[in-house]
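Bear in mind these aren't lab numbers, they're just calculated from the coordinates by the rules spelled out. Owing to the predicted nature of the structure, the values given are computational and were not obtained by experimental measurement. Neighbour counts run over all protein chains shown; Cβ positions are idealised from the backbone, glycine included.
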Amino acid sequence: MKNKLIPFAMTPKGLTTKGKARQIAQANYELDGIELKKALALIECDGTDEAKEVAITKVELDEGLITQDEADKRDATIKKVPWVNVKKMDVNVDDPKQGYMELDWNDEFVAMLQNKGYTGESDESVVNKWFNDVCRTVLLQEIEDQDYGLEVQDDVITVKDSEK
């Protein structure tokens, strides 16, 4: 925030401008840096709380204060849309079968899972049950896709020797 001796209302622009132009002039006069960018973004948005929060998120992303993942999560939360993301995935180099995934989600994602029948003592346990189901489904699909030679083959013609 700029330290001014003369209040904005006493400046020529403070005395002569109105509406949005006055708000922009006042922000430019009184603020600087990230606070100025946030104020200008709020002036330019349509005025709904959702639009204001999205505008602030965009400024913070543009300024490098938050990551793209944080911005995506915040936007989804603002819009009340379920959101989940893999934050980190790592593998044990000594035993590649061992590894882990770290997930991030918003409250709307947990609520959606609960509406679909997932329960748990905490948000983490609800998401963990869902993730286990996803892994189980992937495994079952992989097993169904494998052909160990035991499947009935419609394209094979079996010939029987009738003389025996």
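Data overview
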quantity	calculated
For the chain, built as a Gaussian network whose Cα springs stay under 10 Å, the top-fluctuating residue of 35, 44, 144	144
Relative contact order (percent, whole number), region 82-147, Cα cutoff 8 Å, 6+ residue spacing	24
Placed amide H near residue 66: partners under 5 Å, 5+ positions off or other chain	61
Expected 222 nm ellipticity per residue - DSSP helices of 4 or more, -39500 (n - 2.57), all of the chain, to 500	-16500 deg cm²/dmol
Taking the chain and dividing mean pair separation by its residue count, relative contact order in percent (alpha carbons under 8 Å, at least six apart)	10
Residue 145 paired with residue 44, simple spin-label distance in nm, labels 7 Å along Cα-to-beta-carbon	4.5
Within a Gaussian network of the chain (alpha carbon springs, distance under 10 Å), most fluctuating of 92, 132, 115	92
Listed pairs 4/73; 18/52; 38/116; 13/52; 4/37 exceeding 27 Å between Cα atoms	4/73; 38/116
Length added when fully stretched, residue 129-residue 111, from 0.36 nm per residue minus Cα-Cα	5.1 nm
Test item: Cα-centred dipole of the chain, Lys/Arg +1 and Asp/Glu -1 on Cβ, debye	1760
Gaussian network model of the chain, springs between alpha carbon atoms under 10 Å - residue of 114, 98, 141 with greatest fluctuation	98
For region 82-147, with +1 on Lys and Arg beta carbons and -1 on Asp and Glu, the positive-most of 115, 85, 130 along the dipole	115
Positive-end extreme of charge dipole, region 1-146 - chosen from 41, 65, 28 (charges on Cβ)	28
Global geometry of the chain, whether rounded, prolate or oblate, following the gyration tensor of its Cα atoms and the 1.5 cut on a/c	prolate
